[in-house]
């Protein structure tokens, strides 16, 4: 048992209450807080005085540490952590042992972008479903739920959120991030982190700086120009640091412009620390550190899962050979200590690893609410919401499962509610709900033929370690067979066919014209069935809008058809598309998507009026013009002038959004604040953000392709 485990219940509760008071700004004295912690007596150990600033405390502690103790702080000590480390009740993703002699507590860590990967936990909807919610409040709830469960599994730090901007929908970890737009990713990352860290758990935003594919991920060289790096891939990390105060930033795999991510001094020392003012610490993704001296000098503070490069022999040798200065070692230790002091690890007892302390009802409600907000209605030919059908045929294995991605974001749920269970319960005893696994298309069609309504469930397969080789439903799912063919056969047998997609990202929908409804439910988490049933029956409005573009064909998607772009040649990929990522790609090339970024239908309709544009804000009035209450998601796009042919601008960029619930006939004024950064591009020569002279096109609408009101800002002819 690690120090501090197995605390008496009263003491654990008292320490939790004390921490809550500290987080809320309690006037409790530093001495009282320290007395409840693990650090010790401030009179004997002055760094244990909680009234001192974290920097000062770290400065007092550091000289008391031996060379070996300092080095031990720079690496985790669990060789069995990570995605292959198992799911036992007490298997943390990573652990740091602490230093009992000096009152330095252990540091215990968990995977957490989609829930806690440690034994059983609440399986939240995939982060891509959260992205579809377009709702910072849902992001705060998501982060808070993850952190609360991580805390009660004894963790001090949770690895999440994942904010890598999606470059190609073939990416195996599409489900784990927030989609293809940097503004959306940034504005969801901030409340996620704030919600988590308010629970007293540190976060680790990942994977800095560019991580866009699983193919060759350990050795891939990514060639990215400075403007693309600044405008597309770095903004979510910048917001996480500047606006949310993220405790840690995890560096990823591969090389960025020839430099390994976890020893890229230009990014980690230059941009992250010097420019953005980051004061936390940088842990590595598992085994991402490549070279002892390179990592130490390049900005890596802590190696995970063990000290392969950061161990006593290699680091002492590097110092002796003057490849690494002792001051550099001390700086890394200081970063770790300062962060631990900042988040109160020294000043409280260890969080107990106790499942009984998790409020599962609250977590279940959070999982269902987030999923309802992210379920996206892509097509509705009058078939939804359901009006008490007497017989329903559910087709496809996913009707009885809860599909999810695999890897470090895989969560083993406490319990699950399948779609079949949720729909049957909502339909009531008066309705007949039949099921067919869909393996036999003819049998599935016969089951569907005799029902008032057929719902086909289709899913893809994605996760860490492997990219998808294609975007069809059949790709990567050999055990499920030809799901596209299944949908077509069922649609022929029953004209009232709805398709529910449980996918981690965009898929091709060649059958879209054959069915009356398409619902994207993503990887829905453990409350899948109840959330889906409530949306299908109209108990709640489908709240989702697409955070990713759905293409018509394979080669329509970004970074398609050019192996130098993806998957790369000779383990090297060139981001020659520049800033034309996601919907920018479709707009710039004039490619019509199947379903555009930002698209999602409501059970009512909305009108836009009263557009007012100033240099400080854009305002528009949104009105529910239908007969049902519903959720509008107005989106602000800006078309920016190009300062020259060498700086091409996409036709539009997301610069604001809101989520508004409106009763029939009701209106709301929505204001999108603007700042100079809203109108800026990265000037490579000046190495700074600049606002170009010219005409800015202001567009507000329901999606990137459905603009309801437009105006201008700047100098326009």
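For the reader, a short list of remarks on this structure follows.
- Residue check for residue 243: in the same structural domain as residue 341 (by TED's automatic domain parsing), more than 23 Å from the chain's Cα centre (by Cα) and touching a residue at least 40 places away in the same chain (Cβ under 8 Å): no
- Residue 306 vs. criteria in contact with a helix residue (DSSP H, G or I) (Cβ under 6 Å, 6 or more places away or on another chain) and more than 13 Å from residue 249 (Cβ to Cβ): no
- Enumeration of residues in region 252-271 that are more than 13 Å from residue 206 (Cβ to Cβ) and part of a helix (DSSP H, G or I): 263, 265, 266, 267, 268, 269, 270, 271
- Filter result for residue 249 (outside any helix (DSSP H, G or I), within 18 Å of the chain's Cα centre (by Cα) and in the same structural domain as residue 109 (by TED's automatic domain parsing)): yes
- Matching strands (runs of 3 or more DSSP E) fully within region 619-717 where at least 1 residues are within 30 Å of residue 578 (Cβ to Cβ): 635-639, 653-657, 667-673, 680-683, 688-691, 695-703, 706-714
- Among (1) out of contact with any helix residue (DSSP H, G or I) (no Cβ under 7 Å at 6 or more places or on another chain); (2) part of a loop (DSSP other than H, G, I, E, B); (3) crowded, with 24+ Cβ neighbours inside 10 Å - the single one residue 581 does not satisfy: (1)
- Candidates 504, 438, 443, 517: the one that is over 29 Å from residue 367 (Cβ atoms) and either surrounded by fewer than 22 Cβ atoms within 10 Å (Cβ to Cβ) or not assigned by TED's automatic domain parsing to the domain that holds residue 146 (or both) is 443.
- Single match in 568, 544, 529, 561 (criterion: surrounded by fewer than 24 Cβ atoms within 10 Å (Cβ to Cβ) and in contact (Cβ under 8 Å) with a residue 12 or more places away in the chain): 568
- Residue 646 meets all of the listed conditions (1) modelled with pLDDT of 95 or more; (2) farther than 21 Å from residue 598 by Cβ but one, namely (1).
The values are calculated or read from the model by the stated rules, or taken from the named source; none is laboratory data. For clarity, every value in this text was computed on a predicted model and none was experimentally measured. Quick reminder, even Gly has a Cβ in these numbers, built from the backbone with ideal geometry, and neighbours come from all protein chains shown.
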